[in-house]
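See below for the structure under consideration.
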Amino acid sequence: MTLRNFLLYFPVSFLCLLLLTGETACTKSTAPPPNTASLQLSFSNLVNGQPMVLRTTNYVNAAGETFNITLFKYYVSNFSLTTTSGQEVVLTPEYFLVNEESDSTKVITLQKLPSGTYRSITFLLGVDSARNNSGAQTGALDPVNGMFWTWNSGYVMAKLEGTSPLSTMPANLIEFHIGGFKGANNALRMVQLSFPSPVALGQNGHAAFKISADAYTWFDQPNRISFQQLASCTSPGAQAAAIADNYKSMFTIKAD
C-alpha cells in the first residue's frame, strides 16, 4: 500500500491518536511518594534540670523561694518541620495535652510526614485562636481535662499548681493558669527546636526525639516571679503574657 493510499484509509487524526497513545505508554509516573514517615516525641518534665516529682519534692525558684508542684499540664499543637534548604512543611493541625500525671500523654507520634531532610521542628505552645473560638471540643480539647475556661470561652494554654511557704494565698497555694489568645496579652507562643543533626526521613522512615520541659523557666527570665508578690495568675492579662514569655524557652531537644 502506498503512503497516499494509507493516508486515505487512516486519517491524520487517527495517526495523531496512535502517536499520543504510544508516548503515554512509555512515560513513567511522576506521582510523588506517599507521606508515610513518622516522628515520635517523648516529653519529660523537669525543674531546674532535675526530674519533676509531684507533691513530695521541694524546689527553689530563681527568687530563692521554696515551692513544690502538684499539677503540671500544657498544650502543644500545630506542628511544622523545616528542611535543610529552609522550606517549611506545615503538618495537619493536631492538639496534644501533656500531663505530668499521665505517662501516656508524654509520648506523641506525628504521622504521614513527607519524605525529606529536616533541620528543626516548630510547634505552638497552646491552642490556636480558631479552636478557642469553636467552644468546648473533644479529645485533648475536652473540658474534662480541666483546661477550658467556661466563663471565658477559651483554653488554658499551660497550667502549674503547687504550694510555697512564701505564698499569701490560702493554704500557701501557688496557681498559674496561663491563657488568652487575642490582643496585646495573647499568651500563645511559638517554639522552634533545632534537631541535634539533620534528620533524613524517607518512605516509611521513623525518627525519635526526647523533649524536656523545665518548669523552672516559668519564674525566671525575662520576667522573674516572686511568690511573695505573685502567687496566683488565673485569667488572661499582662501577667499571663509575661509568664508565657518566660516558659516559651522551657523546651530542649535531643535524640532518643
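Computed values, structure above
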item	result
Top-ranked residue in the stretch 35-56 [being farther than 15 Å from residue 254 by Cβ and touching a His at 6+ places or on another chain (Cβ under 9 Å); ranked as surrounded by the most Cβ atoms within 10 Å (Cβ to Cβ)]	37
Scope the stretch 57-70; condition touching a residue at least 40 places away in the same chain (Cβ under 8 Å), surrounded by fewer than 16 Cβ atoms within 10 Å (Cβ to Cβ) and either hydrophobic (A, V, I, L, M, F, W, C) or under 27 Å from residue 118 (Cα atoms) (or both); matching residues	63
Elements of type strands (runs of 3 or more DSSP E) contained in the stretch 89-128, each with 3 or more residues being modelled with pLDDT of 95 or more, over 23 Å from residue 247 (Cβ atoms) and not hydrophobic (A, V, I, L, M, F, W, C)	116-125
Residue check for residue 235: within 20 Å of residue 146 (Cβ to Cβ), touching a residue at least 40 places away in the same chain (Cβ under 8 Å) and either of a type outside the set (Phe, Trp, Tyr) or outside any loop (DSSP other than H, G, I, E, B) (or both)	yes
Tally of residues being under 30 Å from residue 55 (Cβ atoms) and in contact with an Asp or Glu (Cβ under 9 Å, 6 or more places away or on another chain) across the stretch 188-207	2
Residue that is touching a strand residue (DSSP E or B) at 6+ places or on another chain (Cβ under 9 Å) and buried (at least 17 other Cβ atoms within 10 Å of the Cβ), where the choices are 126, 146	126
Every residue from the stretch 151-195 that is under 19 Å from residue 130 (Cβ atoms) and of a type in the set (Ser, Thr, Tyr)	153, 155
Search result, residues across the stretch 168-216 that are in a loop (DSSP other than H, G, I, E, B) and of a type in the set (D, E, K, R)	182
Test: residue 255 is out of contact with any Asp or Glu (no Cβ under 8 Å at 6 or more places or on another chain) and closer than 25 Å to residue 146 by Cβ	no
Filter pass, residue 87 being over 30 Å from residue 70 (Cβ atoms), surrounded by fewer than 16 Cβ atoms within 10 Å (Cβ to Cβ) and either touching a residue at least 40 places away in the same chain (Cβ under 8 Å) or more than 19 Å from the chain's Cα centre (by Cα) (or both)	no
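Yes or no, residue by residue, for (1) modelled with pLDDT under 95; (2) within 25 Å of residue 211 (Cα to Cα); (3) aromatic (Phe, Trp, Tyr):
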position	(1), (2), (3)
152	yes, no, no
162	no, yes, no
169	no, no, no
172	no, no, no
178	no, yes, no
181	yes, yes, yes
185	yes, no, no
190	no, yes, no
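The values are calculated or read from the model by the stated rules, or taken from the named source; none is laboratory data. Please read all numbers here as calculations on a predicted model, not as lab measurements. Don't worry about glycine lacking a Cβ; one is built from the backbone with ideal geometry, like all the others, and counts go over all protein chains shown.
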